[in-house]
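Have a look at the structure below, then the notes.
The values are calculated or read from the model by the stated rules, or taken from the named source; none is laboratory data. On a predicted model such as this, the values are computed, not experimentally measured, just so you know. Because the Cβ atoms are built from the backbone with ideal geometry, glycine has one as well, and the counts that use them run over all protein chains shown. Note: accessible area is taken over every heavy atom of the protein model, side chains too, but ligands, DNA and RNA are not part of it. Shrake-Rupley method; radii C 1.70, N 1.55, O 1.52, S 1.80 Å.
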There are 2 protein chains.
Amino acid sequence: MATTYFSKRNLHFLLHEVFNADELTQYEYFSAHDRETFNLVIDSATYIADTLMYPYLKEVDQNQPELKNGQVTVHPKVKEFMHAMGEAGLIGAGFSFEQGGQQLPQMISSLVGFILMAANNGMMYSGLTSGAAHLITSFGSPALNEFYVPQMLAGKWQGTMALTEPQAGSSLSDVTTSATPQPDGTYKIKGQKVFISAGDHDAAENIIHLMLARIDGAPKGTKGISLFVVPKYRPDETGAFVDNDVQSTGVYHKMGQKGVPAMHLTMGSNDNTLGYLVGEPHQGLPYMFQMMNEARIGVGMTAAAIATAAYYAALQYAKERPQSRRLNEKNRLDAPQTPIINHPDVRRMLLFQKSVTEGSLSLLLEAARLYDISRVAEGEEKENAFLLLDLLMPVAKSFPSEMGVQSVSQSLQTFGGYGFTEDFPVEQLYRDIRITPIYEGTTGIQAQDLLGRKMTMKGGKAPQLLFAEISKVIADASLFDDLKPYGDQLAGELKRTQDVFVSLMPHAMKGDTERYLADATLFLELFGIVVVAWQWLKQAVVARQALLTKNPEGDDLAFYEGKIHTMKFYFHYEVPKTLGLAQRLKDPEVLTIVSEKELAL
Amino acid sequence: MATTYFSKRNLHFLLHEVFNADELTQYEYFSAHDRETFNLVIDSATYIADTLMYPYLKEVDQNQPELKNGQVTVHPKVKEFMHAMGEAGLIGAGFSFEQGGQQLPQMISSLVGFILMAANNGMMYSGLTSGAAHLITSFGSPALNEFYVPQMLAGKWQGTMALTEPQAGSSLSDVTTSATPQPDGTYKIKGQKVFISAGDHDAAENIIHLMLARIDGAPKGTKGISLFVVPKYRPDETGAFVDNDVQSTGVYHKMGQKGVPAMHLTMGSNDNTLGYLVGEPHQGLPYMFQMMNEARIGVGMTAAAIATAAYYAALQYAKERPQSRRLNEKNRLDAPQTPIINHPDVRRMLLFQKSVTEGSLSLLLEAARLYDISRVAEGEEKENAFLLLDLLMPVAKSFPSEMGVQSVSQSLQTFGGYGFTEDFPVEQLYRDIRITPIYEGTTGIQAQDLLGRKMTMKGGKAPQLLFAEISKVIADASLFDDLKPYGDQLAGELKRTQDVFVSLMPHAMKGDTERYLADATLFLELFGIVVVAWQWLKQAVVARQALLTKNPEGDDLAFYEGKIHTMKFYFHYEVPKTLGLAQRLKDPEVLTIVSEKELAL
């Protein structure tokens, strides 16, 4: 097994050299922190990942949770892990001091998630609790806050997001779980939820579902959905805990992320499930959407983390595995075999993995930084950060997950036949990462969000802001002879992206949404390639500056040169994919819209 | 679970309408057959697949073979399946009457494999036996033939291909298993083999390994490798079977194809493993290579079959699963949800799957047809078929497997969250197919074979022949107004492919093989896209002719129109990928060849 699953050097580079995270501490809200506290949090997460997660990577996969007599049993380390997370203050890392948190930026708390998920994404419990607790702190009453949040941040109570129903997956407007008002202000909940991650298990003393349901008589569609706290055990009048009639109907057996039970839950079988309204009635979906950027950064981080762990496993194997001789020395049969990293095809696969994983992480930190600024800044700065973040989110969720799937596939390929066996971790990571293009909005949904909403909101202001940001990096790059051509190339890609968008606009103008969005997934792919090119050029500029000013040596020299080299790889190998995508997107031929006459597919 | 895992209609279309398989019966060797016997064999395979394979798809996956006390136990149905295959004459389908076979074309026997692997690729036993027996019939002595082949074709004895060793995977020249001549003409074998599929199990009475080993004192490298029959049980002087000291050292636990044990074998632990030389000494690798086209068609068929089964599962789900409303009817909340096949993004994913799977199958039948002609024709016809086949093989192995992996991924995505669960077959097929870009020569090895050998052999005659074949289809297409633009597009792609090749040639001329082949995998990808475009245009021409002459109705009409539609899809969505590939391949920047100065990857 690989002993390295992420690079702390790269984390520090992105955080401190590329994104200057400590600039955030100039804002009042983050002023208690500095670079040292940021690094301490990262070290603390690393310690937990090293000791309580990574050693159990395979065990957690091979002993998936089972449902017996209504009880779900998970790996015994989960409890220890959650308590350690609670004690280290990592579940509440991003919460305010007032809420019992550490008031850390999203940049830091999402890196905590990255480290944990790189170590063992089958122990994905703490992020769910954070997300659920954050809904309560953001929209819930003081009573809900006082009762639930401290136990959740301590790692004693598990939080979940309970949205999906058998008939309502991508289409949340079709949620039918019902909530009937009771005289005491509570609601009786009835219905079913599926795919609820960590929806029941024995490592937590209670499970707190943040659940979408429809109050009796509510409007149809998304405008009639409300948000409730629905605990597994609720307090009775005496304060004692009683069963809240949330039944574990089934546990899904999955291809990957086997350590986390995905539950099928039934509420109200005995007409005895109580829910507590969070915020106002019918505001459930807007509340969820306000949390969605955070959740989607989390999924992107998970995907980037899994792909990173696979990359380091493949890299180590490629350095150690001798096979064949170099192609120009094929006939030297007496020569020892060369490590496969010396074969151009293997090196290409590794550079692809590096470009995807480090490009993804950079993009996600960019998004997290915008999230932080949108929270603590004011006026135009706040508004612009919000718009940019909103625009980048579909990409920051889907690029790491879609390209991460391909990246792990190349990690597996690097191992050859061994990659297909349980002797190495990549086959597991290959299975695990495949869920990321599905949950928190499939890639198709992200694409509709990008092209159907984000590109056009506020008169197209978001892409204008983005292009201005990218142009700044192009200007920075133009100061260095070796980087200027890549800046020029990126400028051309911006132009291409705009051309494509302009060619699609008439369909939107005519109100033909179906046609406008028919190839939205390909537009998302194109947009993602360009956005990550921006992230790579940004990293390369910083690396070039460091090479010129810091006079680095040894590993440090190789690190910075590796950054520039990988940027070049990305521009020479990945960016040209926009040619084919643009051709297709501008192509007037319609082939995927249903006509009356059905085809035999 | 899906009840359809392949389309017999499509098989008949390809076999009888596109490739006119019965033309083969004009050759003496195949003259005992006609269209009816071909169809009977396909029906016979379908019956076995339906009754003995498909019902056990999941069972075989969930009860993987275990090694206990040196014995490997497999699913009880394997024995029944192999006997049924033997009785139906399907293991020997491609063998001559003289050898106890049915003397059927490869076109038919490889379709048998396609059907079986679509039903349950975890029961991949019979093809291995056919391949091993074929090595004996092609190069072995009459004694070896008489003793081994009948039992193998009857499904009683399992055959294997025992090539790979711990230090010799892609690099077969590094095989070290030794063979020491004995006075009686046999050899004592000592060494280890890994990843030997079906290398030991209890459903066969004996296991017959076709094993590569090096006779003491043999030349180094590939020129000193010999081929041996090494049985699990060998006959002693009295004719009784004794243990041949082939020990099952371990069974690999794999991500997919779990029904077939991949064995680690140790020969000669007790200095008591005998091997029987097949053919001449030191000719092992050439013998293997002569069988390789057949084996690689088999792997391509396996990949195409798995992807086909996943496609039909996704198609059925997409027709039945209601979710959301059509994009131009988003606000009609009272309207029922629409089946997801009506969403353009889902339809795009399905058309992608159809274009990959049916394009792959068509290419594989083309290869099988050339294989048949190269066997039974004479003179220039034989030679040309050989050359074309040799050129197409790397593509016919790698396109179905590489694109098949992506296709099954899109099948899974079509299911959304359900695709990730064991409730549907796609998660299993997603795991199963991932081995196909690895075994029988990884994609990287196929790429080196294509660009490094096949493109240039005999002064580049093979690509000339191919381009002439493609030009014929372009000419056929030009007779139909709606197909002509696609023919023109394909002609442009041929030009592009030639340009790319010409731009790479100088490196080969200079003897800089490493540089010449640095991006060979991308050349293979480009070449594959163009070759499959040819297959799609060929199918579209036949469909157009059928629409004009047969006046089809109902399902038949939809079938032919679906073919033309899918051809268009492939040309509009997939072919443009050549733009980016060509740009990269012609790009002079070298980024994957190791220099003295090491980069921090």
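Translational diffusion coefficient of the protein assembly as shown at 20 °C, 1.002 mPa s, Stokes-Einstein with Kirkwood Rh over Cα pairs, in µm²/s as a whole number.
The diffusion coefficient I find is 68 µm²/s.
Compute the accessible area of each residue in segment A:478-522 twice, once for its chain alone and once with every protein chain present, using a 1.4 Å probe on heavy atoms, and list those whose area falls by at least 50 Å².
With the partner chains in place, segment A:478-522 has these residues losing at least 50 Å²: A:Glu514.
Counting only heavy atoms of the protein chains, get the accessible area per residue of the protein assembly as shown (1.4 Å probe) and round it to a whole Å² value.
Spelled out: the 1.4 Å probe surface of the protein assembly as shown, per residue, equals 34 Å².
Taking a probe of 1.4 Å and counting only protein heavy atoms, give the total accessible area buried between chains B and A in Å², rounded to the nearest 100.
9100
Rounded to the nearest 20 Debye, what is the dipole magnitude of chain B about its Cα centre when Lys and Arg each give +1 and Asp and Glu each give -1 at the C-beta?
The calculated dipole for chain B is roughly 1380 debye.
Summing Lys, Arg as +1 and Asp, Glu as -1, what charge do residues with Cβ under 12 Å from the Cβ of B:Glu366 carry, B:Glu366 excluded?
Summing Lys/Arg as +1 and Asp/Glu as -1 gives 0.
First compute the accessible area of segment B:445-591 with a 1.4 Å probe, then give the percent of it belonging to carbon and sulfur atoms.
That fraction is 55 percent.
Find the eigenvalues of the gyration tensor of the Cα atoms of segment A:442-588, then list the square roots of 5 times those eigenvalues as equivalent ellipsoid semi-axes, largest first, in whole angstrom.
The three semi-axes for segment A:442-588 are 34, 14, 13 Å.
Taking beta carbons within 10 Å but only from partner chains, what does the mean come to for residues A:422-434?
For this peptide, the per-residue mean of nearby foreign Cβ atoms is 3.
Mind listing P(r) for chain B? All alpha-carbon pairs, 10 Å bins, whole percents.
Bins of 10 Å from zero give 3, 16, 26, 27, 18, 7, 2, 0, 0 percent of pairs.
Between the DSSP loop rule and a limit of at most 15 other Cβ atoms within 10 Å, which trypsin sites (Lys or Arg not before Pro) in segment B:214-298 are left?
B:Lys220
Compute the signed sum of charges (Lys and Arg +1, Asp and Glu -1) over the other residues within less than 11 Å, Cβ to Cβ, of B:Thr160.
That sum, taken over residues with Cβ under 11 Å, equals +1.
I want the antiparallel fraction of DSSP beta bridges within the protein assembly as shown, as a percent rounded to 5.
80
Nearest 20 debye, what's the magnitude of the dipole of the protein assembly as shown about its Cα centre given +1 on Lys and Arg Cβ and -1 on Asp and Glu Cβ?
1320
Among B:Gly275, B:Ala93, B:Phe424, whose Cα projects farthest towards the positive end of the dipole of chain B, with charges put on the beta-carbon of Lys, Arg (+1) and Asp, Glu (-1)?
After comparing all options, I get B:Phe424.
Sort all Cα-Cα distances of segment A:187-249 into consecutive 10 angstrom bins from zero, then give the percent of pairs in each bin up to the one containing the longest distance.
It works out to 18, 48, 27, 7, in whole percents.
Given the pairs A:Lys8/A:Lys538; A:Lys354/B:Lys577; A:Lys495/A:Lys550; A:Lys156/A:Lys354; A:Lys354/B:Lys458; B:Lys79/B:Lys193, which span a C-alpha to C-alpha distance of over 30 angstrom in this model?
Pairs exceeding the cut-off: A:Lys495/A:Lys550; A:Lys156/A:Lys354; A:Lys354/B:Lys458.
As a test of the formula, what do you get for the protein assembly as shown when each DSSP H run with n ≥ 4 contributes -39,500 (n - 2.57) and the sum is divided by the residue count, at 222 nm and rounded to the nearest 500 deg cm²/dmol?
Theoretical 222 nm ellipticity from helices: -17000 deg cm²/dmol.
Residue farthest toward the positive end of the dipole of the protein assembly as shown, with Cβ of Lys/Arg at +1 and Asp/Glu at -1: which of A:Ala546, B:Pro55, A:Ile108?
After comparing all options, I get A:Ala546.
Mind grabbing the accessible area of B:Leu67 for me, 1.4 Å probe, Å², rounded to tens?
For B:Leu67, the solvent-accessible surface is approximately 50 Å².
Would you mind checking the pairs A:Lys484/A:Lys563; B:Lys220/B:Lys397; A:Lys461/A:Lys484; A:Lys454/A:Lys484 and listing those with alpha carbons more than 24 angstrom apart?
B:Lys220/B:Lys397; A:Lys461/A:Lys484; A:Lys454/A:Lys484
Using only atoms on other chains, find how many Cβ atoms lie within 10 Å of each Cβ of peptide A:340-350 and report the average.
6
Which of the aspartates and glutamates could a cross-linker span from B:Lys232 if the Cα-Cα distance has to be under 15 Å and same-chain partners fewer than 8 positions apart are dropped?
Hits, sequence-local ones excluded: B:Asp200, B:Asp202, B:Glu205, B:Asp243, B:Asp245, B:Asp271.
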